[in-house]
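> One structure coming up, written as structure tokens, with questions to follow.
The values are calculated or read from the model by the stated rules, or taken from the named source; none is laboratory data. Quick caveat, the model's predicted, so the values are computed rather than measured. Using ideal geometry, Cβ is built from the backbone for each residue, glycine included, and neighbour counts are taken over all protein chains shown.
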Amino acid sequence: MTTKLLLTGPHVDRALTLLALIQASANPVERNRYEHSLKVLRSAHPEVYDIRDDDSRIEGKVREIREAFDGREECPNCGKRADFKERSSHNVETHGLDCGPYETWDETWLVCSECGAETDAKEIAANRRAR
């Protein structure tokens, strides 16, 4: 019976992330940059040489990377990954007066493609940080 030792630690995590980026990247220039970074990491920290391309932990990281860069965010209202459409308006408040002074302002918001809820970029960023 063979026991496989799973290494852990910050350098191992970095190596796993680089291997996942190499697999997830479609751009050959980026892939070469990640491969070079992995080579430098392996030369400085020999313990990461034992990590192989077929390590089971890499698949999860590849999925996370692809989700992070697919351009979709999790909606703070419905919780689904969705595209957001940007909407804006230019508003004028007359305060019931015909000749002014008028109050003007611009508003910008995002609309979820899944549930139609309105939100803003700050709310989406706060939701991302909470995950």
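> When residues of segment 90-119 are filtered for being over 26 Å from residue 73 (Cα atoms) and of a type in the set (D, E, K, R), how many remain?
3
> I need a count of the residues in segment 91-131 that are surrounded by fewer than 10 Cβ atoms within 10 Å (Cβ to Cβ), at pLDDT 80 or above and in a helix (DSSP H, G or I).
1
> Tell me which of these residue 88 doesn't satisfy, since it passes every other one: (1) surrounded by 10 or more Cβ atoms within 10 Å (Cβ to Cβ); (2) more than 13 Å from the chain's Cα centre (by Cα).
Looking at each condition in turn, residue 88 falls short on (1).
> In the list 33, 57, which residue meets the criterion of being modelled with pLDDT of 85 or more and either assigned to a helix (DSSP H, G or I) or aliphatic (A, V, I, L, M) (or both)?
33
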